[in-house]
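S.K.: Sending over a structure as structure tokens; questions will come in a sec.
The values are calculated or read from the model by the stated rules, or taken from the named source; none is laboratory data. Please read all numbers here as calculations on a predicted model, not as lab measurements. Reconstructed Cβ throughout: ideal geometry from the backbone, glycine too, with neighbour counts over all protein chains shown. To get the accessible areas, we keep the full protein, side chains included, count just its heavy atoms, and leave off ligands, DNA and RNA. Shrake-Rupley method; radii C 1.70, N 1.55, O 1.52, S 1.80 Å.
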Amino acid sequence: MDYKVADLSLAEFGRKEIRLAEHEMPGLMAVREEYAAAKPLRGAKIMGSLHMTIQTAVLIETLVELGADVRWVSCNIFSTQDHAAAAVVVGPNGTVDDPKGVPVFAWKGETLEEYWWCTDQALQWPDGTGPNMILDDGGDATLLVHKGAEYEKAGAVPTASEDDPEEWAIILDTLRRTIAEKPGRWTATAEGIKGVTEETTTGVHRLYDMAKNGTLLFPAINVNDSVTKSKFDNKYGCRHSVVDGLNRATDVLIGGKVAVVCGYGDVGKGCAEALRGQGARVIVTEIDPICALQAAMDGYQVTTLDDVIGIADIFVTATGNKDIIRADHMERMKHQAIVSNIGHFDNEIDMAGLARIPGIEKIEIKPQVHEWRFPDGHSIIVLAEGRLMNLGCATGHPSFVMSNSFTNQVIAQIELFTKTDDYPIGVYTLPKHLDEKVARLHLDALGVKLTKLTKEQAEYIGVDVEGPYKSDHYRY
Ligand code: NAI
């Protein structure tokens, strides 16, 4: 088996944590039981690009139990948990000397070159063929296949311009090399893919853009916008892991501090609530009047970043947008202000601009925690080099909330793989009855007793006794 992880001897520790996580992931375990005999993913060759954590290990092994042949990478250079990666490679029935699990190409602290090498490796089976399904988080695997096919059709891979981010040049180099090694590879890969299921807000934006431009090459299920994903993982997951990231990175007392959360979408709402729960005075920035009004009605001060740049102690960006905290903002921050991002990509904070400030000094406190000292002697602390801090500095969301997200992922994979003809090229969300099913699978574990509608009540509000209980436009 081909794979590349940090240290296979961590597998035993990983396996113990997977065992504990399985208990906390009732949705995934129920799906395993439901489909144990039918194995609906038999024949599926799934390439996954999603943070290689303990929770993801339970997802991967669920896909395998349902019959899939899986290859995996992390979708971020800092988010891999090396013991999880090792345990997945060894597998439940293998040993360190005789691994029998899934090929994983991921370790904590990859370079960007290594990151794209890993993505390329996972998109290629040993027999030279590609996957027939992608499970993506942020859209990088989908991007590589689409750009590869596009440049093969155009007959050349362009050269990155000076204005392009450093990473773009690396992506283009990866495509140039792989097309030279095997011309036509990406076109064949794209043609072989039945569909992609996408995990996060940022990846979903990319998919809708491609669908709008007519460049999308295969159907996609937007898992993010299942209610049991974005209204749970993005909100309650970040409510847990934002503080975890801050604590493990700095252990600074949050109570009494001024914390700024940029963006009051699902992720921002969770972050703001968690910081307030720790006793911070939370200030929100927003561009959307609806979300700004929500923040105000939830009791937060809403203002611009420029207004509070010199008084805040902690900054968290949660917008999925770029250039939120600029270099000139960081120059004006308080001594030892903490700067962090929990959005998918690192372009929310202008790290390149920060590095270009004349005389600036970068001091590593520990991996993923850096003090940047300005020429005047004051400094700021940047977490995870501007990448998502909850996965870079801590271990991301806990199992129970990820069980909701990943149960949606598995159901979406089954949908696209087994009912391919029902999904012409486009972007879809899962039907509401499946969303409700995911929620239902998590109720018992929390001791929730659901009230049952009477037939008369159901008729009165115009729904079926068994659901779905809300119309598609209901917003929760
Ligand atoms: P969302 O779209 O619900 O919220 C983003 C909010 O930011 C919106 O309300 C938008 O109006 C606001 N915004 C946009 N530009 C802004 C600006 N210049 N200044 C202030 N506010 C601005 O998206 P969601 O679901 O909250 O996701 C945010 C990001 O977090 C995405 O990149 C997503 O992929 C990522 N994510 C990260 C997770 C993690 O564990 N780190 C988990 C889930 C999502």
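Residue by residue, here is whether (1) on the phi < 0 side of the Ramachandran plot; (2) open to solvent by 20 Å² or more (accessible area, probe 1.4 Å); (3) within 20 Å of the chain's Cα centre (by Cα) holds:
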residue	(1), (2), (3)
Asp2	yes, yes, no
Glu24	yes, yes, yes
Glu34	yes, yes, no
Ile54	yes, no, yes
Trp72	yes, no, yes
Ala85	yes, no, yes
Lys100	yes, yes, no
Val104	yes, no, yes
Lys108	yes, yes, yes
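S.K.: Working carefully through the options Ser74, Ser79, find the one that is under 17 Å from Tyr3 (Cα atoms) and in contact with a strand residue (DSSP E or B) (Cβ under 9 Å, 6 or more places away or on another chain).
M.R.: After ruling out the rest, the residue left standing is Ser74.
S.K.: Can we say Lys437 is open to solvent by 60 Å² or more (accessible area, probe 1.4 Å) and either aliphatic (A, V, I, L, M) or out of contact with any Pro (no Cβ under 7 Å at 6 or more places or on another chain) (or both)? If you could, list the steps in order and put the result at the bottom.
M.R.: Working: open to solvent by 60 Å² or more (accessible area, probe 1.4 Å): no; either aliphatic (A, V, I, L, M) or out of contact with any Pro (no Cβ under 7 Å at 6 or more places or on another chain) (or both): yes.
Against the criterion (open to solvent by 60 Å² or more (accessible area, probe 1.4 Å) and either aliphatic (A, V, I, L, M) or out of contact with any Pro (no Cβ under 7 Å at 6 or more places or on another chain) (or both)), Lys437 does not qualify.
S.K.: Go through segment 272-291 and count every residue that is under 22 Å from Asn224 (Cα atoms) and either within 9 Å of the ligand (Cβ to nearest atom) or not hydrophobic (A, V, I, L, M, F, W, C) (or both).
M.R.: Qualifying residue count, segment 272-291: 6.
S.K.: State yes or no: is Asn321 free of Cβ contacts under 8 Å to residues at least 60 places away in the same chain, surrounded by 14 or more Cβ atoms within 10 Å (Cβ to Cβ), under 23 Å from the mean Cα position of the chain (by Cα) and within 12 Å of the ligand (Cβ to nearest atom)?
M.R.: The answer is yes for Asn321.
S.K.: Return only the number of the condition from (1) in a loop (DSSP other than H, G, I, E, B); (2) crowded, with 19+ Cβ neighbours inside 10 Å that Lys39 does not satisfy.
M.R.: Evaluating Lys39 over (1) in a loop (DSSP other than H, G, I, E, B); (2) crowded, with 19+ Cβ neighbours inside 10 Å leaves (2) as the failure.
S.K.: Then there is this: List every residue pair whose Cβ atoms sit under 6 Å apart, with the two residues 6 or more apart in sequence or on different chains, where the first one lies in segment 461-476 and is in contact (Cβ under 8 Å) with a residue 40 or more places away in the chain and the second, anywhere, is open to solvent by less than 100 Å² (accessible area, probe 1.4 Å) and of a type in the set (Lys, Arg).
M.R.: From segment 461-476, the pairs are Tyr476/Lys231.
Every residue, every condition in (1) part of a helix (DSSP H, G or I); (2) among the acidic types (Asp, Glu); (3) in contact with a strand residue (DSSP E or B) (Cβ under 8 Å, 6 or more places away or on another chain), yes or no:
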site	(1), (2), (3)
Ala160	no, no, no
Thr178	yes, no, no
Thr187	yes, no, no
Gly203	yes, no, yes
